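Participant: Quick one: this structure, given as structure tokens, is what I'll be asking you about.
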Amino acid sequence: MSKADENKALLRTSLDYTVCKRELIGCGLLLAVLACFLTLISLLVQSFRLLLLLIPVAAFCVPLAIIQLCRMSAITKNCDEVVFCETVLTDPQPHFNATICFKVTVQTDDGSVFFAETAPFIAAMRGMLKPHFSELNNKKALVAYKAETEQVIVIKTL
């Protein structure tokens, strides 16, 4: 197994990749369950107009799924240029839609120091899709840093 394959496998276990995967599965399940439910109801009342309700749900779920697929692709792209290191998730900054970004200091093997932000994590409520703020604040974590995009990917908390 090459280094790029090992890096890709490690990035696929990352917290960011897992959040994207859960949201993608959630969109698919919502669309599938609603389609089954509306089909069953339509068969019972013998009117297929109820299936038109799938259009707004699909208009919401399909673009969201495409966005998550693009994020997952961006996480695993250029795996050979990723620097892995341990750091502490500190200095939470408010971000759009009740999320928080953490500032991290990344020090590479050659002594270079980078300052970057993580992807936004949910802050207000505990949910199944994203980790809670308290689970990440001031915790030591293994992160992956992509220098060309200045992207920090949280692999796991230690």
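Participant: What spacing in nm lies between the two simple spin-label points modelled at residue 86 and residue 2, each 7 Å away from Cα in the Cβ direction?
Facilitator: Using points 7 Å along Cα→Cβ, the separation is 3.0 nm.
Participant: When a/c reaches 1.5 or more, the comparison of a/b and b/c decides; with that in mind, is the range 3-76 rounded, prolate or oblate per its Cα gyration tensor?
Facilitator: Note, shape of the range 3-76 comes out prolate.
Participant: Which residue, 51, 89, 43, has the most motion in a Gaussian network model of the chain that connects Cα atoms within less than 10 Å?
Facilitator: 43
Participant: Still on this structure, please answer the following. On a full-extension model of 0.36 nm per residue, what is the gain between residue 158 and residue 67, subtracting their alpha-carbon distance, rounded to one decimal in nm?
Facilitator: My answer for the length gained is 29.9 nm.
Participant: Figure the gain on full extension for residue 46 and residue 32 (residue separation times 0.36 nm, minus the Cα-Cα span) and round it to one decimal in nm.
Facilitator: Contour length minus Cα-Cα distance gives 3.0 nm.
Participant: So which helices of the chain fit the span-like rule, where a helix is a whole DSSP H run, its Cα atoms reach 27 Å or more along the axis, and its mean Kyte-Doolittle is at least 1.0?
Facilitator: Once both thresholds are applied, what remains is 15-45, 54-76.
Participant: Still on this structure, please answer the following. What percent does the relative contact order of the range 57-105 come to when contacts are Cα pairs within less than 8 Å and at least six residues apart?
Facilitator: Answer for the range 57-105 is 23 percent.
Participant: Here is a further query. Which cysteines in the chain lack any other cysteine whose Cβ sits under 4.7 Å from their own Cβ?
Facilitator: Cysteines of the chain left without a disulfide-compatible partner: 20, 36, 70, 79, 85, 101.
Participant: Of the peptides 138-149, 104-115, 7-18, how do they stack up when ordered by the mean number of other Cβ atoms within 10 Å, highest first?
Facilitator: Values: 138-149: 16.2, 104-115: 12.2, 7-18: 17.8.
Output ranking for 138-149, 104-115, 7-18: 7-18, 138-149, 104-115.
Participant: Quote the charge dipole size of the range 1-74 about the Cα centre in Debye, to the nearest 20; the model charges only the Cβ of Lys and Arg (+1) and of Asp and Glu (-1).
Facilitator: Computed about the Cα centre, the dipole is about 20 debye.
Participant: Counting pairs of alpha carbon atoms under 8 Å apart in space and at least six apart in sequence, what relative contact order in percent does the chain give?
Facilitator: Relative contact order for the chain comes out at 24 percent.
None of the figures in this text is laboratory data; all of them are computed from the coordinates on show. Remember, it's a predicted structure, so these values are computed and weren't measured experimentally. Cβ: placed from backbone, ideal geometry, glycine included. Neighbour counts: every protein chain shown.
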